[in-house]
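The values are calculated or read from the model by the stated rules, or taken from the named source; none is laboratory data. Note that the coordinates shown come from a computational prediction; the quantities given were computed from them, not determined experimentally. Note: ideal-geometry Cβ built from the backbone for every residue, glycine included; neighbour counts use all protein chains shown.
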Amino acid sequence: MGKPDKQADKAKPSTELATQQGGAVATVDDNMFAADAGHGMEGATHESFAIPFLSVLQSNSPQVDESDGKFIEGAKAGMLYENITGKLVDGKVGVHIIPAHYRRVYLRWGPRSGEGSGFKGEMAVEEVAALRQRKEIVEFEGRLYFPLPDGSVNEKRCDRVVDTRNHYVLLVDPETGEYQQALFSLRSTQVKKSKALMSALASVRLQGPSGPYQPATFASMVKVTTVPEKNDDGSWYGVKCEIVGRTPNKAWYLAAKAFHESVMKGEVQAKYEDDVAPEPGAARQPTSQDANRF
């Protein structure tokens, strides 16, 4: 073996902590952190941030496909996935959420493959109803599409419109007390789960000085797990939402309330191009005859 290259050793960057004179490590205390609270974010607006999506991985999700660039080691169908940090949670174990706000919208998507694919915009329920009245949106095999000029539908060429139930939630960790904002978006076969959750939240009553009252949705904590589901078209993993009690942490309650107010003011924008979960199964979309809507 040759002699060590002293010049090379000198060129290597030091990995040691910077120290004060005398060898004491220079530390930063909590008071210094508190004094500089918020600094570095002065130029940020609501468009500077991507709200995380909480979704369920399916067998056709890119995160579980080893040949896909979005593959995540250890990801499996049925897991709950938060797309900003890449956190994976066993669907049987589940996560806890605090519902902050709810909005029903329709999302316009280009054909699943080929030119014009991808997210094309969010549409209000009333807008879609008017377009359907004018036959500018039509139903084909249980799904809604923008038809071709002759009125026909070709799934490879026509944009589809998806009924989507958006639950803006606080994703909380009962063990650590940590929390973060997230969008829990339900569609296709999971619309009925959204309705069930909204019905459960609407039925909550607390006792006040003047009698029973309906509290804000963020007074309730919900546990979300995943369950296998299937129909004649295929199988997939769906969600199970169960109210497990009142919100126990004041910081969580206030954070969820603030999130609710931000969504109401239009300060929160969902970036649907980051939505990673395919529509579960090949289930049919709810039709106009589905009268029990939220």
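The condition of being over 23 Å from residue 267 (Cβ atoms) and β-branched (Val, Ile, Thr) does not hold for residue 125.
When residues in the stretch 141-156 are screened for being exposed (fewer than 15 other Cβ atoms within 10 Å of the Cβ) and out of contact with any Lys or Arg (no Cβ under 6 Å at 6 or more places or on another chain), 9 of them pass.
Whenever a residue of the stretch 137-150 is closer than 16 Å to residue 109 by Cβ and in contact (Cβ under 8 Å) with a residue 24 or more places away in the chain, its partners that are among the acidic types (Asp, Glu) and crowded, with 17+ Cβ neighbours inside 10 Å, lying with C-beta atoms within less than 6 angstrom and at least six residues away or across chains, give the pairs 146/159. Filtering the stretch 83-98 to residues that are surrounded by 14 or more Cβ atoms within 10 Å (Cβ to Cβ) and at positive phi leaves only 94. Does the stretch 113-128 contain any residue that is in contact (Cβ under 8 Å) with a residue 12 or more places away in the chain and under 26 Å from residue 228 (Cα atoms)? No, the stretch 113-128 contains no residue that is in contact (Cβ under 8 Å) with a residue 12 or more places away in the chain and under 26 Å from residue 228 (Cα atoms). If the condition is being farther than 25 Å from residue 96 by Cβ and modelled with pLDDT of 90 or more, then the stretch 45-59 contributes only 59. So is residue 186 free of Cβ contacts under 8 Å to residues at least 60 places away in the same chain and touching a helix residue (DSSP H, G or I) at 6+ places or on another chain (Cβ under 7 Å) or not? Yes.
Selection of strands (runs of 3 or more DSSP E) fully inside the stretch 162-266 by the criterion of at least 3 residues being surrounded by 19 or more Cβ atoms within 10 Å (Cβ to Cβ) returns 179-187, 220-231, 234-246.
Of everything in the stretch 88-106, what is out of contact with any Pro (no Cβ under 8 Å at 6 or more places or on another chain) and either of a type in the set (Val, Ile, Thr) or within 10 Å of residue 169 (Cβ to Cβ) (or both)? Give them in sequence order. Within the stretch 88-106, 89, 93, 95, 97, 98, 99, 100, 101, 102, 105 meet the criteria. Within the set 257, 271, the sole residue that is closer than 30 Å to residue 64 by Cβ, touching a residue at least 60 places away in the same chain (Cβ under 8 Å) and basic (Lys, Arg) turns out to be 271.
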